[in-house]
Amino acid sequence: MTSRTGSAPRIDLHTHSTASDGTLTPAELVRAGAEAGLDVLAITDHDTTAGWAPAVRALPPGLLLVRGAELSCRWAGTQPATPLHLLAYLFDPEHPELVAELARVRASREERGERIVHLLRADGIDVSWPDILAGAAGGTVGRPHIAQALIRAGLVADTRAAFGPDWLGERYRLPKEDIDVFRAVRLVRAAGGVPVFAHPRATRRGRVVPDELIAELAAAGLAGLEADHEDHSPAERAHVRSLAAELDLLVTGSSDFHGTHKTVQLGAFGTGVEAYERIVAAGVTEVASG
Ligand code: AMP
Ligand code: FE
Ligand code: FE
Ligand code: ZN
């Protein structure tokens, strides 16, 4: 493939819309992708495909859309389990078992969100669950929506501060019923999709999984690792690349854009054409073009 400008194509394979915890609607997201000069954009909302149809409808000419999702997973090898994120690309959005798992996780997110709000309120912090749900506007609810309530209440300055240890990062952090990561890899493959481990070495987000687990996941069907991500240090990026080479996994890079919930911009990190083409070749859903 060639880019619109004749230079290397710009491919951003991890972004969020208001279908989860981003701040641009799916239509605004694809328009912003075109304006940012991207050739390929993937929409990867947390645990939902609700943004796919509106993104396709609004797709500007010249932009290719990879339909995907970011699955909330956990590895049971530690106590408590280690949470992790699995990007899933170009899968069948109607695969019954996968649809059921995503619905279950979304329900668990709502239940957890409400419990976090109870904990906050028990400490005299005036945040309202109905307001937070309204803020999510029907999209997958996440801690960034609770962060918005803390910002509105003047308790923290921004989302980053809301994820500090005194708030949602530790003190008011509760687990949700994430999907076992081996089950998730198998389900994504069964649904014709391509599973890629999102920001696998992001130590600044908390505990990360050992390389041995990634090797086991590769044997179970994992296709790739996201290396270039703002939450990875240069050394972590290099480590992910060498692990991917060792395990014959493809390597991606992406912005993990969340609109104004984060500072990172669309296209801040990108994926090479070869990895992109491996994903397209392996996925059952077509890449959409505007
Ligand atoms: P949840 O999915 O509800 O557990 O919340 C996790 C989401 O919060 C991630 O997908 C990010 O969008 C966001 N997030 C996590 N850590 C941070 C942070 N330190 N600063 C800003 N946003 C964060
Ligand atoms: Fe997010
Ligand atoms: Fe993630
Ligand atoms: Zn993400």
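Here are a few things to note about the model shown:
- Selection count, segment 249-290, where residues are of a type in the set (A, V, I, L, M) and in contact with a helix residue (DSSP H, G or I) (Cβ under 8 Å, 6 or more places away or on another chain): 6
- Residues that are out of contact with any strand residue (DSSP E or B) (no Cβ under 8 Å at 6 or more places or on another chain) and either among the polar types (S, T, N, Q) or open to solvent by less than 10 Å² (accessible area, probe 1.4 Å) (or both), drawn from segment 1-52: Thr2, Ser3, Thr5, Ser7, Thr18, Thr25
- Test: residue in segment 200-209 that is within 21 Å of His16 (Cα to Cα), within 16 Å of ligand 3 (Cβ to nearest atom), outside any helix (DSSP H, G or I) and open to solvent by less than 10 Å² (accessible area, probe 1.4 Å): yes
- Among the residues examined, Pro83 does not qualify as away from ligand 3 (no atom under 16 Å from the Cβ) and open to solvent by 30 Å² or more (accessible area, probe 1.4 Å).
- Against the test of being within 20 Å of the chain's Cα centre (by Cα), buried (at least 17 other Cβ atoms within 10 Å of the Cβ), over 30 Å from Ile279 (Cα atoms) and modelled with pLDDT of 95 or more, the options Ala147, Ala191 yield a single qualifying residue, Ala147.
- Residue in segment 145-155 that is in contact with a Ser or Thr (Cβ under 8 Å, 6 or more places away or on another chain) and within 16 Å of ligand 4 (Cβ to nearest atom) present: yes
To keep it simple, each residue is scored yes or no on (1) open to solvent by 20 Å² or more (accessible area, probe 1.4 Å); (2) part of a loop (DSSP other than H, G, I, E, B); (3) among the hydroxyl-bearing types (Ser, Thr, Tyr).
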{"position": "Ala227", "(1), (2), (3)": "no, no, no"}
{"position": "Leu243", "(1), (2), (3)": "no, no, no"}
{"position": "Gln265", "(1), (2), (3)": "yes, yes, no"}
{"position": "Phe269", "(1), (2), (3)": "yes, yes, no"}
{"position": "Glu277", "(1), (2), (3)": "yes, no, no"}
{"position": "Ala281", "(1), (2), (3)": "yes, no, no"}
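- Cβ separations smaller than 8 Å between residues 6+ apart or across chains give the following pairs from segment 196-220 residues that are at pLDDT below 95 to residues that are assigned to a helix (DSSP H, G or I) and away from ligand 2 (no atom under 16 Å from the Cβ): Thr203/Glu236.
The values are calculated or read from the model by the stated rules, or taken from the named source; none is laboratory data. Since this is a predicted model, take the numbers as computed values, not measurements. Ideal geometry is used to build each Cβ from the backbone, glycine not excepted, and the neighbour counts take in all protein chains shown. What goes into the accessible areas is simple: the full protein's heavy atoms, side chains included, and nothing from ligands, DNA or RNA. Shrake-Rupley method; radii C 1.70, N 1.55, O 1.52, S 1.80 Å.
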